[in-house]
Amino acid sequence: MAAAVTRLCWAPQCLRSLHMSVGVQKAKTGAEQLWLARQRRDPYVKTAHAQNYRCRSAFKLLEMDKEQKILQPGHHVIDCGAAPGAWSQVLVDKVNSLGKDPAARVGFVLGVDLLHINPLEGAVFLPKCDLTDPATHRKISALLPSGQADVIVSDMAPNASGIKDLDHQRLVSMCLSLLDLSDSVLRPGGSFLCKIWDGGESDLIRDKLRQRFQLLRTVKPKASRMESAEIYLLGKSHRNKRAAN
Ligand SMILES: C[S@@+](CC[C@H](N)C(=O)[O-])C[C@H]1O[C@@H](n2cnc3c(N)ncnc32)[C@H](O)[C@@H]1O
């Protein structure tokens, strides 16, 4: 039950209706009731609401960026699995895409998701696009100023089946598609951050990341629930593309 409840928040029906309005929603199933009760107790949910973030996941990116120094003003960033848009909110601020800091370089944020994403000032969204589809990669490349990105971040997750190994494998295979994207649009020296659910194929993706990046770290932010298998893999300093397999 715990795993099913943990992963309810990835389900599209949960994203907008339940993320921020837990006080007024009526849960229908037992799993939803547990999920809502946990949301009501969660300090990150309350703080996200107070700070106008679209969901609590904003704090995962804020924390990882503070510790790992991933984002800078002027960076061009692709946000994979961007809906409902909380990571994009953080990115707009960190890369200065609205030019709020006149002394700093102005960045660019491109958010992509299978779902619709409500507009956000300072971000360009590519909704209803599948990041495992090479056609989406071509659209991304066309939308990036200069065709290159400094950073790719992914909080992407499939709708969970509840079968742990299967969900793990599906998410790893989605992340492998993002490595293809990194090969075509990430500038040499760029960074890549992706979520996986830890499992038997974690080492496979770690190996693929090591081939491409000079530095690899596994990160579990405090805002990520302890009971969740979710971890983030951070690759820094993308090697020369011609040297990568
Ligand atoms: C946990 S949510 C992301 C939350 C987001 N980081 C935020 O802060 O608002 C995971 C997202 O991945 C998206 N997703 C799953 N599979 C995808 C795919 N193949 N292509 C694009 N987006 C996908 C889902 O639609 C969902 O919106």
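Would you work out the charge dipole size for the stretch 29-143 about its Cα centre, treating the Cβ of every Lys and Arg as +1 and the Cβ of every Asp and Glu as -1, and quote it to the nearest 20 debye? Numbers along the way, then the final one.
Working: 15 positive and 12 negative charges, 44 e Å.
Dipole about the Cα centre, nearest 20: 200 debye.
Lys128: which lysines have alpha carbons under 17 Å from its alpha carbon, excluding same-chain residues fewer than 8 sequence positions away?
By straight Cα distance, Lys128 reaches Lys139.
In the chain, what percentage of the DSSP-assigned beta bridges are antiparallel, given to the nearest 5?
In the chain, DSSP labels about 40 percent of beta bridges as antiparallel.
Would you kindly calculate the translational diffusion coefficient of the chain, applying Stokes-Einstein with the Kirkwood radius from alpha carbon pairs, for 25 °C and a viscosity of 0.890 mPa s, and quote it in µm² s⁻¹ without decimals?
The calculation lands on 135 µm²/s.
Nearest 500 deg cm²/dmol is fine: what mean residue ellipticity at 222 nm does the chain get from its DSSP H runs of n ≥ 4 alone, each adding -39,500 (n - 2.57), divided by its residue count?
The helix contribution divided over the chain gives -12000 deg cm²/dmol.
Could you list Val153, Val124 so that the one with the fewest beta carbons within 10 Å of its beta carbon is first and the one with the most is last?
Numbers: Val153 31, Val124 15.
Result, fewest neighbours first: Val124, Val153.
Any chance you could run the full-extension gain for Ser237 through Asp198? It's 0.36 nm times the residue separation minus the Cα-Cα distance, nm to one decimal.
In short, 11.7 nm is gained.
Going Cα to Cα from Lys222, which lysines come in below 28 Å? Please leave out same-chain ones fewer than 8 positions away.
Partners found: Lys46, Lys60, Lys66, Lys69, Lys94, Lys164, Lys195, Lys208, Lys236.
Explain nothing, just the number: dipole magnitude of the chain about its Cα centre with +1 on each Lys and Arg Cβ and -1 on each Asp and Glu Cβ, in debye rounded to the nearest 20.
The dipole magnitude comes to about 340 debye.
Readers should treat all values here as calculations from the given coordinates under stated rules, not as data from a laboratory. This one's a predicted model, so the numbers in the text were calculated from it and none came from an experiment. With ideal geometry, Cβ positions are generated from the backbone for all residues, glycine too; neighbour counts draw on all protein chains shown.
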